[in-house]
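Input: a single structure, listed below in structure tokens.
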Amino acid sequence: MGQLTLYSSIDSLLTSVPVCVMGKEKNLSMHEIVGEVTEVGSKVNKVKIGDKVGVGCMVGACHACESCNSNLENYCPKMILT
């Protein structure tokens with residue numbers, strides 16, 4: 001069984017929680033995730049095995065509101081959090 005450990009800070013490093021995702025045990029911690037790619041699907045072309053990857057606490061915004069137009073996506077009313 002493969003294992004992927006993701007951490008967001010020293011606190012979550014000490015308190016990560018093992019969970020089962022798609023039949024594989026993984027340790028997941030909060031948000032702002034970093035890790036290393038261990039597998040890619042046939043349609044993946046932006047990352048490869050061994051790449052270091054990360055996801056911030058926010059993964060999307062509308063890019064049309066006043067906040068987004070002012071480069072303040074973290075205040076977007078439609079922001080998407082991890």
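What follows draws every value from the coordinates through simple rules; no lab data is involved. All values reported here derive from a predicted model rather than from experimental measurement. FYI the Cβ positions are ideal-geometry reconstructions off the backbone, even for glycines, and counts take in every protein chain you see.
Extension gain for ALA64 to THR38 (0.36 nm times residue separation, less C-alpha to C-alpha distance): 5.8 nm. Between the beta carbons of ASN74 and LYS46, assuming R0 = 25 Å, the FRET efficiency works out to 0.60 to the nearest 0.05.
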